[in-house]
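**Student:** I am attaching a structure below and will ask some questions about it afterwards.
Here, each number is a calculation from the coordinates, and none is a lab measurement. Quick caveat, the model's predicted, so the values are computed rather than measured. Because the Cβ atoms are built from the backbone with ideal geometry, glycine has one as well, and the counts that use them run over all protein chains shown.
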């Protein structure tokens with residue numbers, strides 16, 4: 001590669017750990033079948049909470065998946081990430097069947113919004129019960145945010161750069177975008193990237209409950225309603241998703257299966273409010289992503305929306321899509337995956353990017369559950385209760401987060 005030359009960047013591995021499955025086939029089949037992974041919360045006591053539903057991963061299924069990977073249960077956040085990452089690296093041909101693994105050149109960049117909630121909660125609980133002698137000596141290395149990428153790096157022997165990106169609900173998308181830039185600019189050969197979140201501990205969930213942005217609908221299958229007039233808030237979820245991002249030349253040399261191409265990435269900050277989104281800030285990120293890809297609004301065939309099902313976000317995102325795409329917004333289908341597996345916060349962008357890539361491969365857009373009466377203020381071409389054919393080759397993936405962070409990816413169907 002000559003100085004200043006930009007590499008083409010492709011995805012050669014996908015991995016997931018969600019309430020809809022621990023592999024891409026299970027996830028995709030459940031999406032197309034319209035099966036929702038949201039249930040009444042079982043792992044913590046939600047008595048006294050206004051919200052009682054969430055997209056939890058079943059403990060029995062998690063234990064079985066960990067055993068199949070020869071993994072001992074650890075912190076829930078790390079368990080999810082290890083499961084998703086193992087799928088990616090094996091699919092991409094970077095590791096063998098099981099540990100120990102040979103050292104590799106790939107980096108690790110992961111996103112998370114809340115980090116090691118369970119370990120932190122246990123540490124503070126131990127302090128409250130026993131004072132200074134309560135917390136374990138392992139609490140610091142266990143609970144520091146970058147333990148996520150460090151543990152992935154150590155377990156899979158990945159010798160490239162490793163770090164964690166924390167920017168609320170855009171964390172995973174920003175991690176993917178950062179990996180894209182590193183590979184594009186020749187700073188890394190390959191990067192394992194994605195996000196993980198595990199927020200169903202008593203204290204973290206109580207804080208979200210008191211924030212007042214979550215749905216109070218007690219019916220788990222109808223609680224999350226992106227873009228619907230009757231929506232009343234988001235539904236939280238847990239899990240992880242990951243991708244292997246590398247140069248096209250590197251993938252071809254290795255004979256790797258190419259799943260999609262990342263064409264562009266854009267980001268921005270609202271610089272206005274901690275929790276209220278901004279039309280101008282979101283539109284700025286979308287325009288930057290298109291400029292990075294060298295594409296125009298007319299090239300976009302589908303938008304995988306942030307779509308949290310909160311009043312403020314859905315109307316703001318609808319307006320920002322129109323501001324960024326102009327007249328092209330009239331024809332572009334829009335859907336949110338959160339109606340299936342909830343809002344995975346810092347992991348949501350990775351899980352939804354995986355869905356977008358599967359949709360490009362299969363030529364399908366999964367439905368948007370519970371969209372019974374579209375909100376007139378969300379005046380977009382919203383995907384309804386049935387899956388939609390996707391003949392187009394370009395998808396825009398939006399992620400917007402508290403703190404005014406905005407991140408947008410442009411993905412293209414792989415066509416040799």
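**Student:** Taking only the alpha-carbon atoms of the range 265-413, what semi-axes of the equivalent ellipsoid follow from 5 times the gyration tensor eigenvalues under a square root, in whole Å, largest first?
**Tutor:** The equivalent ellipsoid of the range 265-413 has semi-axes of 20, 18, 15 Å.
**Student:** Find the centroid of the Cα atoms in the range 307-325 and in the range 190-262, then give the distance between the two in whole Å.
**Tutor:** Their Cα centres are 18 Å away from one another.
**Student:** Relative contact order for the chain using alpha-carbon pairs under 8 Å, separation at least 6, rounded to a whole percent?
**Tutor:** 23
**Student:** Principal axis extents for the range 324-365, Cα atoms only, whole Å, descending order, please.
**Tutor:** Reported extents, whole Å, longest axis first: 31, 23, 15.
**Student:** Where both residues lie in the chain, what percent of DSSP beta bridges are antiparallel, nearest 5?
**Tutor:** Restricted to the chain, the bridges split so that about 65 percent are antiparallel.
**Student:** Return 205, 400 ranked ascending by Cβ neighbour count within 10 Å, so the fewest neighbours appear first.
**Tutor:** 205, 400
**Student:** Could you give P(r) for the chain, binned at 10 Å from zero, as whole percent values over all Cα-Cα pairs?
**Tutor:** 5, 24, 35, 25, 9, 1, 0
**Student:** Over the range 1-133, what number does the Rg to Rh ratio reach, with both radii from the alpha-carbon atoms and Rh per Kirkwood?
**Tutor:** 1.05
**Student:** If I build a Gaussian network model for the chain, linking alpha-carbon pairs within less than 10 angstrom, which residue out of 67, 230, 189 has the largest mean-square fluctuation?
**Tutor:** Evaluated over the chain, the most mobile residue of the options is 67.
**Student:** Tell me the relative contact order for the range 265-413 as a rounded percent, counting alpha carbon contacts under 8 Å between residues six or more apart.
**Tutor:** Over the range 265-413, the number comes to 36 percent.
**Student:** Can you give the three extents of the C-alpha atoms in the range 120-173 along their principal axes, from longest to shortest, in whole Å?
**Tutor:** Over the range 120-173, Cα extents along the principal axes are 40, 28, 12 Å.
**Student:** OK, next. Given the rule -39500 (n - 2.57) for each run of at least 4 DSSP H residues, summed and divided by the residues of the chain, what is its mean residue ellipticity at 222 nm, to the nearest 500 deg cm²/dmol?
**Tutor:** -10500 deg cm²/dmol
**Student:** Counting only DSSP beta bridges with both residues in the range 10-254, what percent are antiparallel, rounded to the nearest 5?
**Tutor:** 60
**Student:** Let me know the shape class of the range 333-416, please: from the alpha-carbon gyration tensor, a ≥ b ≥ c as square roots of the eigenvalues, rounded when a/c is under 1.5, otherwise prolate if a/b is greater than b/c, or oblate.
**Tutor:** Taking the square roots of the gyration eigenvalues as a ≥ b ≥ c, the range 333-416 is oblate.
**Student:** Let me ask something else about it. Running a GNM on the chain with Cα contacts under 10 Å, which residue among 344, 89, 32 ends up with the highest mean-square fluctuation?
**Tutor:** 32
**Student:** What does the convex hull of the alpha-carbon atoms of the range 234-352 project to on average, in nm²?
**Tutor:** 8.5
**Student:** Another question, then. For the range 10-254, what does the convex hull of the Cα positions come to per residue, in cubic angstrom?
**Tutor:** With only Cα atoms used, the range 10-254 gives 143 Å³ per residue.
**Student:** Using only the alpha carbons of the range 125-213, what is the convex hull's orientation-averaged projected area in square nanometres?
**Tutor:** That works out to 7.8 nm².
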